[in-house]
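Presented below is the structure to which this report refers.
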Amino acid sequence: MSEKKDELRELLDKQACIELVQHYSRALDWLDEAALKTVFWPDAQIDFGFFKGKGEDFIKRVMEVERSLTRRWHMTCDPLVRVSGDVAEGESYGLAAGIMVKDGRALHDIFGGRYLDQYTRREGVWRIAKRTYVADWQQSFDVDAKAENQLVTGMNWSDGFGPSHRLYRKLA
């Protein structure tokens, strides 16, 4: 029976780490700084290239970047997680897109890369303790800002998501 308990514990630990990856994307997209603080330990070691430092400082910096965008969209997928006691290693792929309107043009940047993570459990709680982002590719393009949402009609276009948005739901 102990073996079954160990297997169940490992599955629960993996799921907790996978949900951190998912909460990261959602927190950025909804500009939910409070939710982002539940993803990283304050003393986490973060290396995104443009930022190297602690988790609490990264949260402030990345939220500045995300707030500067008209729209943002992040997706992390295919996380692999290996658990060993109170430490886990993970890798997941990520796509991120951001739109900034400048001089009547909607500037789109799309990034593809991967997150190399270390998770730790402290007092029963999993969070990211170390994250390195490796960019694999990037593409930029721009379109007329006034016409952008009219390129595909009949869609419910995002309009400044944030925790006070009418569609926001607390999921964590």
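Derivation of every value follows stated rules applied to the coordinates shown; laboratory data play no part. The shown structure was predicted, so the numbers you read here are calculated from the model rather than taken from an experiment. Please note: Cβ atoms are built from the backbone with ideal geometry, for glycine as well, and neighbour counts cover all protein chains shown.
Note down the nm distance, to one decimal, between modelled labels 7 Å out along Cα→Cβ at Ala34 and at Gln138.
Each label point is offset 7 Å from its Cα along the Cβ direction, giving 3.3 nm.
From the backbone phi of the range 63-79, what are the Karplus-calculated ³J(HN,Hα) couplings (6.51 cos²θ - 1.76 cosθ + 1.60, θ = phi - 60°) in whole Hz, Gly and Pro given as x?
5, 4, 4, 5, 5, 6, 9, 5, 9, 8, 8, 10, 9, 10, 8, 6, x
Starting at the first residue of the range 99-112, write each ³J(HN,Hα) from the Karplus equation 6.51 cos²θ - 1.76 cosθ + 1.60 with θ = phi - 60°, in whole Hz, x for Gly and Pro.
10, 10, 9, 8, 6, x, 10, 8, 8, 9, 10, 10, 10, x
Please work out the FRET efficiency for the pair Asp86 and Leu171, using the Cβ-Cβ distance as r and a Förster radius of 22 Å; give the result to the nearest 0.05. Show your work: numbers first, answer last.
On the way: r = 25 Å, r/R0 = 1.14.
For R0 = 22 Å, the calculated efficiency reads 0.30.
Hey, what does the equivalent ellipsoid look like for the range 2-150, semi-axes from the Cα gyration tensor as sqrt of 5 times each eigenvalue, largest first, whole Å?
Whole-Å semi-axes of the equivalent ellipsoid: 33, 15, 13.
Pop a pseudo-label 7 angstrom from the Cα along the beta-carbon direction at both Asp43 and Glu7 and give the gap in nm to one decimal.
3.7
Please compute the length gained on full extension between Lys54 and Trp73, using 0.36 nm multiplied by the number of residues separating them and subtracting their Cα-Cα distance. List each step's numbers first, then the result.
Working: separation 19, 0.36 × 19 = 6.84 nm, distance 2.37 nm.
Here the answer is 4.5 nm.
What lysines does Lys4 reach when the alpha-carbon gap must be under 23 Å and sequence neighbours fewer than 8 apart in one chain are set aside?
List returned: Lys14.
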